[in-house]
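Report on one structure; see the data block that follows.
The values are calculated or read from the model by the stated rules, or taken from the named source; none is laboratory data. Only a predicted model underlies this, so the values are computations on that prediction, with no experimental measurement involved. In this analysis, Cβ positions are derived from the backbone assuming ideal geometry, glycine residues included, and neighbour counts consider all displayed protein chains. Please note that ligands, DNA and RNA were not included when accessible areas were found on the heavy atoms of the full protein model with its side chains. Shrake-Rupley method; radii C 1.70, N 1.55, O 1.52, S 1.80 Å.
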Amino acid sequence: MATVLQSNARFFSDEEVAAVRRPLSQASFLPPRIYSNAEIFTFEKTVMFRKTWLPLCHASQISEPGSYVARQLFDEPVIALRDRDDNIRVFSNVCRHRNAVLTRPGAGVCKGRRLTCPYHGWVYGLDGKLIAAPFMDQTDTFTKGDIGLPEVRFEIWHGFVMVNFDGEAPSLLKQLEPFEPKVAPYRFEDMIAIEFRRANVAWNWKISLENFSEAYHQPFIHPDTFDGQFPATLTTYEDVEGPYGMFWMHQKNNELPPFLVPPVEGMPDQYYRAYSVVNVYPLLHLFTDASIPLWMDWNITGKDSHELIWYMMVPKSRLADADEQALKAEFCAIIEPILLEDVEVCEAVGAGVRSELARAGRPSHMEKTVHQFHNWLLDQYLEA
């Protein structure tokens, strides 16, 4: 722990910490090295991400017994699946024999409703217990019943399976209680996640999250694709009491926007006339309207690289009456031009933060959520 404490002491000066902690109108951002410094990224990967709540999948991706999603989360292979009793379980995805990864990253259905190691054929049930170990009968004091896949701590928040490798970390659901009245009307738990785009990008993961967490850039980057209907000047930002952020992009003239499928019923009127951005730090991001939310998922592969995976979230009741492929194509035609407009500016920030002359900037009032995120990050960097 001493090494971590010394490392954190080198990350920021007292003056830099104080500048971020000031009220928004007086504050500065964290210095650019949060994106470019290898030591900071190592801390995030080996400490921060191992004690915070990370999205593994959405429950709709493992909808039947034996279905699974396997991920590599910061060198930790994990697998979420449905067991035979229709319960969600999360296990280490590493065989207990010679430590081979059981299932490659991706989604699928376990053959025979079992997990079989590709190396020596050890077999595990959907409850994680070892049920077969070929040719181990001559090994003394070997008992299959004593062996099973380690379970990984998880909580389900509105359908999102969130994992934490720290058994002492505070409950996510408890931390998000103040957030519930704002998020609950969307009923993300009643939706189906449908992947529609993924791309490898060459900049730090925080640059992506911050770009999609403020409306300040809209008039300059999205004047024709988004800002005309949802002017940045109308955006309102929530105060926060936990590891989350939220803001609202209101439709001009308080009009109802067009919906690809009928919206979720029974929500407050504001939800039908605005998009919102919902963040649960560090890695859950939703860009949502009342009809088809967009979920941004991540595979962080390095300090300056990550894979972005985009899902459309369709209410189950609406998908039953829709052609999924046609709906995906229509959704992509609307969303992808906006996403592609962000690529060039994220690349520009990714290049700029490596400059020796780069310095911490000052936030606009339209970057309240980024200011909140930087304060959350500062909590993580200094807490150890």
In this structure, does V163 turn out to be within 27 Å of G302 (Cα to Cα), open to solvent by less than 30 Å² (accessible area, probe 1.4 Å) and not hydroxyl-bearing (S, T, Y)?
yes
Of all residues being among the polar types (S, T, N, Q) and either assigned to a helix (DSSP H, G or I) or touching a Phe, Trp or Tyr at 6+ places or on another chain (Cβ under 8 Å) (or both) in the range 86-117, which is farthest from F74 (Cα to Cα)? Just the residue, please.
T116
Would you be able to say whether some residue in the range 78-87 is in contact with a strand residue (DSSP E or B) (Cβ under 6 Å, 6 or more places away or on another chain) and surrounded by fewer than 17 Cβ atoms within 10 Å (Cβ to Cβ)?
yes
V345 meets each of (1) of a type outside the set (D, E, K, R); (2) buried (at least 19 other Cβ atoms within 10 Å of the Cβ); (3) out of contact with any Lys or Arg (no Cβ under 8 Å at 6 or more places or on another chain) with one exception, condition (2)
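Condition check ((1) open to solvent by 30 Å² or more (accessible area, probe 1.4 Å); (2) small (G, A, S)) across all residues:
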| site | (1), (2) |
| --- | --- |
| F29 | yes, no |
| T46 | yes, no |
| F49 | no, no |
| S60 | no, yes |
| G66 | no, yes |
Apart from one, (1) part of a loop (DSSP other than H, G, I, E, B); (2) without any contact (Cβ under 8 Å) to a residue 12 or more places away in the chain all hold for T225; the odd one out is (2)
Tell me the helices (runs of 4 or more DSSP H) entirely within the range 293-384 that contain at least 2 residues that are without any contact (Cβ under 8 Å) to a residue 60 or more places away in the chain.
324-352, 368-383
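Condition test on E330, is it charged (D, E, K, R), on the phi < 0 side of the Ramachandran plot and surrounded by 14 or more Cβ atoms within 10 Å (Cβ to Cβ)?
Spelling it out, E330 is indeed charged (D, E, K, R), on the phi < 0 side of the Ramachandran plot and surrounded by 14 or more Cβ atoms within 10 Å (Cβ to Cβ).
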Given (1) free of Cβ contacts under 8 Å to residues at least 40 places away in the same chain; (2) over 28 Å from V314 (Cβ atoms); (3) open to solvent by less than 60 Å² (accessible area, probe 1.4 Å), index of the condition F91 fails
(1)
If I filter the range 18-30 down to residues being outside any loop (DSSP other than H, G, I, E, B) and over 26 Å from the mean Cα position of the chain (by Cα), which single residue comes out as nearest to H365 (Cα to Cα)?
S25
If I filter the range 190-230 down to residues being among the small types (G, A, S) and open to solvent by less than 10 Å² (accessible area, probe 1.4 Å), which single residue comes out as nearest to R273 (Cα to Cα)?
A215
Which count do you get for residues in the range 31-42 that are part of a helix (DSSP H, G or I) and open to solvent by less than 10 Å² (accessible area, probe 1.4 Å)?
2
Just checking, how many residues over the range 359-384 are out of contact with any Ser or Thr (no Cβ under 8 Å at 6 or more places or on another chain) and either among the polar types (S, T, N, Q) or farther than 17 Å from M249 by Cβ (or both)?
14
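Matching residues to (1) in contact with a strand residue (DSSP E or B) (Cβ under 9 Å, 6 or more places away or on another chain); (2) among the β-branched types (V, I, T); (3) open to solvent by 10 Å² or more (accessible area, probe 1.4 Å); (4) not in a loop (DSSP other than H, G, I, E, B):
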| position | (1), (2), (3), (4) |
| --- | --- |
| V240 | yes, yes, yes, no |
| M246 | yes, no, no, yes |
| M249 | yes, no, no, yes |
| F259 | no, no, yes, no |
| P263 | yes, no, yes, no |
| M267 | no, no, yes, no |
| Q270 | yes, no, yes, yes |
| S276 | yes, no, no, yes |
| N279 | yes, no, no, yes |
For the range 176-187, name all the residues that are surrounded by fewer than 18 Cβ atoms within 10 Å (Cβ to Cβ) and either over 25 Å from P315 (Cβ atoms) or touching a Phe, Trp or Tyr at 6+ places or on another chain (Cβ under 7 Å) (or both).
P178, P185
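Let me confirm something: among P105, P178, which residue is of a type outside the set (S, T, Y), modelled with pLDDT of 95 or more, out of contact with any Gly (no Cβ under 9 Å at 6 or more places or on another chain) and on the phi < 0 side of the Ramachandran plot? Give the derivation first.
Working: P178 fails: out of contact with any Gly (no Cβ under 9 Å at 6 or more places or on another chain).
Of P105, P178, the one residue that is of a type outside the set (S, T, Y), modelled with pLDDT of 95 or more, out of contact with any Gly (no Cβ under 9 Å at 6 or more places or on another chain) and on the phi < 0 side of the Ramachandran plot is P105.
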